[in-house]
Each structure stands twice: as structure tokens, then as C-alpha cells.
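Quick note: the coordinates plus some simple rules give every number you see, no bench work behind them. The structure presented is a predicted model; accordingly, all values stated were derived computationally and were not measured. So basically every Cβ, Gly included, is an ideal-geometry build from the backbone, and we count neighbours across all protein chains shown.
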Amino acid sequence: MYFFSALLCGAVLLMSLPAIGQAGQAPHPSSSATAPTPDAVGPAFEVATVKPSGKDGPGADGWMGTRLFPSGRLSVRSMPLEALVYSGYISRPTRGKVEGGPSWVRSDPYDIEAKVEDSQMTGWDKLSDEERRARVQPMLRTLLAERFHLKLHTEMRDTPVYALVQAKRGSKLKQVAKPEELEGEGDTPEKRMKFMRDHPGQAAPGSIMCDASGCRGHAISIDMAIGQIGGSAKADRIVINDTGLTGLFDFSYNISRDADAATPLQQLEDQLGLRFESRKVPIKTYVIDSAERPQAE
């Protein structure tokens, strides 16, 4: 469950927890971004380097995960190939999972530095996080095919999931109107960063911020929030949205780790009025047939 998250979860949450929606849905390409054919490779990055990262977790600069900068630079730290397949092929976790391949695709972390070609940067400054991801994902798929010689196929497999539903007394989320910050040219990473600079400690519109005191969501849809909610719940399976809730919401929660505390799933039900219901649904599965470690650079 990786990739450049649409959520701004604070400096400590650089490993993304992407938004997820109904199982089996097709992605919703943005009208202003080029909509690539699902799973198709795209143009190559202008430049790209791939090298093994340290075996001790986060990189030397203290983070792991992916970052996509306004300049079109992609940085990846300490991510194994399996995580990179999630990043390149699955826009939201409920739309797929990854299996197969040799054991090293799950254990060996890699660092990547890549730059989007100038010809692909047209209108980049006006794009949202999701629109930028839509452009970069096919490029990442090309990199995986060229550098890792990745070959895979897809299957629909019945998979245990948690369906997020409203508790018996309904949700405790507060529905809000669309903030002015999301109007006009739309929600861009630069707008979010400006909001966070101007409002320290507050979640930007359309995002969740998590720190030692808990997590706070502001003007965010359930589809966009469910990745972080599932991560906070320490869910051991994919979480899908079956709440029936539409619109944007504010909410907050804090997960206690005390020995006598209820499970994170139960705490979230109590605080948000949302329950995790066990189900089995067909999920698109990306099966790694073969891959090779990239040559040293």
C-alpha cells in the first residue's frame, strides 16, 4: 500500500497510506490529466537511477517511502519491488494487491531518483496530487520493466477484506462544505503546503494530519481517508468503503496503546462510529511471474 499519497499526514508519515474505495471499481482518471490505459507502460523518465538501499530501514536522511516534488523529481527510499509494483499499478489498495515472485521482491529495499521529462510537465503546476500520480505511474511501470525486467499477469481472486460500515448508531463524522482552498484551480500540493505553513498543526483541506496526539481529518471524503483509517486500525487486510457516506468530513481520533486498551479497530468504532466488517470479495491481483535484481549503477 504505497505511493505518493494524496494525504498530507505530517512529516513523520512519509510512507503513504493511499486512499481506497469500493472493491473492483475502475480508477477515476482526472479530466485535466492524461488518462493512461490501465496497466499500460508510459514514457521513460528523463533520467533515473536505481540502487540497493541500506538494510537497516529508512535512508540516511531519515525517511522511507515515495516523494513526488513540484519539479517533477521522484524520490524513493527503502522500498522493495513489491511495494514499487503497488506504486506503479494500483492507484488505490482495494483496486488490487500484489503476490508472487521470488522472496527478495519483498525483502530487498531500493532507492530511486528519477526526473519527469520536460515534455511531460505541461500544466504540471496546475495538477492535483492525484493528477500528477496519473502521469507518473505509467513511467514507473516502464522503469520496473526496464530495470527489474518485471513480468506479471493479473487475476481476480476472492480475498478477505474489512468493509468499513457505519456502526449501529451511525457515524460520528462531521460533514462540512467544500472549503474555499479547494475551489478555483483545484487542490494542488503547493496549496496544501501553504495552508500547513499558515495553519501550524492543522490538517490541510482534503487531508489527514497525524502526530503524537492522534489524527485529524479536514474536509476529506471517506474514500480518501480510508487508507489512513485502516492503517491506524492496524488492519491485517484490505479495507473497503461501504459506509454509504458521501461528501466531505471533519473528524479526529487517537489510538491508545495501553495494555488494557481496546483493539485499534474497536477504538475507531467508538470514536468515529465506523465498524470493520469481515467479508470476502474478488480483488484484482497482480502476480509477479519473474523479476531480476537491477544491475549496479
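Based on alpha carbons, the Rg and Dmax found for segment 160-282 are 15.1, 48 Å. Since only I255, M224, H199 are under comparison, the one whose Cα sits farthest along the positive direction of the charge dipole of segment 160-282, derived from C-beta charges on Lys, Arg, Asp and Glu, is I255.
Note down the net charge around Q120, summing +1 for each Lys or Arg and -1 for each Asp or Glu among other residues with Cβ under 15 Å from its Cβ. Walk me through the numbers before you get to the answer.
Details: positive: R73, K115, K126, R132, R133, R135, R141; negative: E46, E117, D118, D125, E131.
Value of the local net charge: +2.
Apply 1/(1 + (r/R0)^6) to the Cβ-Cβ distance of A145 and K280, taking R0 = 30 Å, and write down the FRET efficiency to the nearest 0.05.
So, using R0 = 30 Å, E works out to roughly 0.40.
Positive end of the charge dipole of segment 111-261 (Lys, Arg +1 and Asp, Glu -1 on Cβ, about the Cα centre): tell me which of C210, L144, L245 has its Cα farthest that way. The residue sitting farthest along the positive end of the dipole is L245.
Summing +1 for each Lys or Arg and -1 for each Asp or Glu among the other residues whose beta-carbon sits under 15 angstrom from that of D158 gives +4. Computing FRET efficiency as 1/(1 + (r/R0)^6) for S119 and V176, where r is the C-beta to C-beta distance and R0 is 51 Å, gives about 0.80.
Each residue of segment 238-243 was assigned a 3J(HN,Hα) from its phi angle through the Karplus curve 6.51 cos²θ - 1.76 cosθ + 1.60 (θ = phi - 60°); the sequence is 4, 10, 10, 8, 10, 6 Hz, with glycine and proline shown as x. Beyond 21 Å in Cα-Cα separation lie the following of the pairs K234/K280; K178/K234; K51/K115: K178/K234.
For segment 160-282, with only Lys/Arg (+1) and Asp/Glu (-1) charged at the beta-carbon, what is the dipole magnitude about the Cα centre, in debye rounded to 20? Mind showing how you got there, number by number?
Numbers: 16 positive and 17 negative charges, 73 e Å.
Taking the Cα centre of segment 160-282 as origin, the dipole is about 360 debye.
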